[in-house]
1. Condition first: in a loop (DSSP other than H, G, I, E, B) and out of contact with any Lys or Arg (no Cβ under 9 Å at 6 or more places or on another chain). Now tell me which residues in the stretch 206-217 satisfy that.
2. Those residues that are among the β-branched types (Val, Ile, Thr), at pLDDT 95 or above and farther than 22 Å from Val296 by Cβ, I need them from the stretch 323-367; list them, please.
3. Test Glu97 against the stated conditions and say whether it is in the same structural domain as Ala165 (by TED's automatic domain parsing), open to solvent by 10 Å² or more (accessible area, probe 1.4 Å), acidic (Asp, Glu) and within 15 Å of the ligand (Cβ to nearest atom).
4. For the stretch 231-242, indicate whether the set of residues that are in contact with a helix residue (DSSP H, G or I) (Cβ under 7 Å, 6 or more places away or on another chain), over 21 Å from Phe94 (Cα atoms), open to solvent by 10 Å² or more (accessible area, probe 1.4 Å) and assigned to a helix (DSSP H, G or I) is non-empty.
5. Are there any helices (runs of 4 or more DSSP H) wholly within the stretch 251-358 with 2 or more residues that are of a type in the set (A, V, I, L, M, F, W, C) and exposed (fewer than 14 other Cβ atoms within 10 Å of the Cβ), and if so which?
6. Restricted to the stretch 173-190, and to residues that are more than 13 Å from the ligand (Cβ to nearest atom) and of a type outside the set (Val, Ile, Thr), which residue is most open to solvent (accessible area, probe 1.4 Å)?
7. Pull up the stretch 81-94, narrow it to residues that are touching a Lys or Arg at 6+ places or on another chain (Cβ under 6 Å) and within 16 Å of the ligand (Cβ to nearest atom), then point me to the one that is most open to solvent (accessible area, probe 1.4 Å).
8. Exactly one of these conditions fails for Leu51: (1) within 16 Å of the ligand (Cβ to nearest atom); (2) touching a residue at least 60 places away in the same chain (Cβ under 8 Å). Give me its number.
Amino acid sequence: MPQVQAPPPGFFADTEIVGREDHLRLHLNENPYGPPPGTVDAVRAEAASYLNRYPDSECAELRGRLAGHFGVTPDMIAVGNGTDELVLVTSMAFLREPGASVVTTATTFPGYVVSAAAVGARAHTVPLRDASIPVDGVVAAMEQGAELAFVCNPLNPTGAVLDRAGVTRLIDAAERSGTVLVFDEAYMDFAGQAHEFALDEVRKGRRILVTRTFSKAWGLASVRVGLVIGPQDLIGRINAVAGALPFNVNRPAQRAVLRALEQPEHIEQVRADNAQARELLYKSLDNLNIEHAPSVTNFVMVKVPGAPGEGTAPGDSVAFAARLAAEHRIFVRNLDVLGLPGYLRISVGTVDEVERLATALTALLEHH
Ligand code: PMP
């Protein structure tokens, strides 16, 4: 049986740096703009009245409203304590047989392989093609008989996104091989509707799953709400496992999302603000000759400049991230821990935050 694999060392060690004005959190792809107006009051009111009461275990009102928002029926939705939990529960639902395996890409969100190991399954990780999702490799791995596949689209940590042809090829292959294919679309709200091919296919009745989260563009990472959308029978199998966690989405969390969903324009605004700040980040990086990947998300993958005279090899991302934290109190994700030494993933932040980052990078490179 494979050993249970923990997230890479240090991956979540720095989540607790919060509420300190002088610290800039650009390491967790959070939303610096916060949730829609009224959401905090909704959480406060729910907590004030009902902290002694269990939440609705069916999340009936919430699933009803989510169904309306995503254009599906309530029985096509399972909700969980963040996408994190749904990745584990989905792994438990579909990796039941001895020797079962999951396919995913290398150097991405660690939850897929951590969950596979936790349920005793094998994980096949397909290397990226440049910085993009390796469609051919994932198709081949599904054809070899993987029971489950996770494709992070847009891709954390590079910011790349699949086109319609890529999504369709993956779905066709999954339906042929019988693999349960999950598109993790945690960052799709930043990319916008032009890239939402997978959800379109679910609405047409294709046999795939799509996850979404309220932690990113909706600005609700703290309350922990994610969902998975798909055909009724697959959602039924997920809910059968989730039945062991009947109260996994707490009352203030359900209320927060219900209130947030009344203001879908919020994520349009966040998407526009993020795109503007991302342009400024690109420009700042270009001015400093720092190479970066194009991104449709709220993070950008950056190559740490090498020492002068050392060719095109990236610099030391461990040291660079440590100096940004120690000398400028700016936290970024060092991708060494995901198998991409020499690269950083930097959350976009607000325009002011980008300016602070650019000042810090300029100072760091002067003494590089
Ligand atoms: N999937 C991806 C690709 C992520 O980056 C993250 C969070 N970093 C998650 C899932 C987990 O999100 P949640 O907060 O909904 O658990």
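The values are calculated or read from the model by the stated rules, or taken from the named source; none is laboratory data. Treat the numbers as computed from the prediction; the structure is a model and nothing was measured. No Cβ is skipped: glycine too gets one built from the backbone with ideal geometry, and neighbour counts run over all protein chains shown. With ligands, DNA and RNA removed, areas are computed over all heavy atoms of the protein, side chains included. Shrake-Rupley method; radii C 1.70, N 1.55, O 1.52, S 1.80 Å.
1. Applying the first criterion (in a loop (DSSP other than H, G, I, E, B)) to the stretch 206-217 yields 206-207, 214-217.
Answer for the stretch 206-217, where residues must be in a loop (DSSP other than H, G, I, E, B) and out of contact with any Lys or Arg (no Cβ under 9 Å at 6 or more places or on another chain): Arg206, Arg207, Lys216.
2. Once the filter is applied, which keeps residues that are among the β-branched types (Val, Ile, Thr), at pLDDT 95 or above and farther than 22 Å from Val296 by Cβ, the stretch 323-367 yields Ile330, Thr359, Thr362.
3. no
4. Scanning the stretch 231-242 turns up no residue that is in contact with a helix residue (DSSP H, G or I) (Cβ under 7 Å, 6 or more places away or on another chain), over 21 Å from Phe94 (Cα atoms), open to solvent by 10 Å² or more (accessible area, probe 1.4 Å) and assigned to a helix (DSSP H, G or I).
5. 317-328
6. It comes out as Arg176.
7. Asn81
8. (1)
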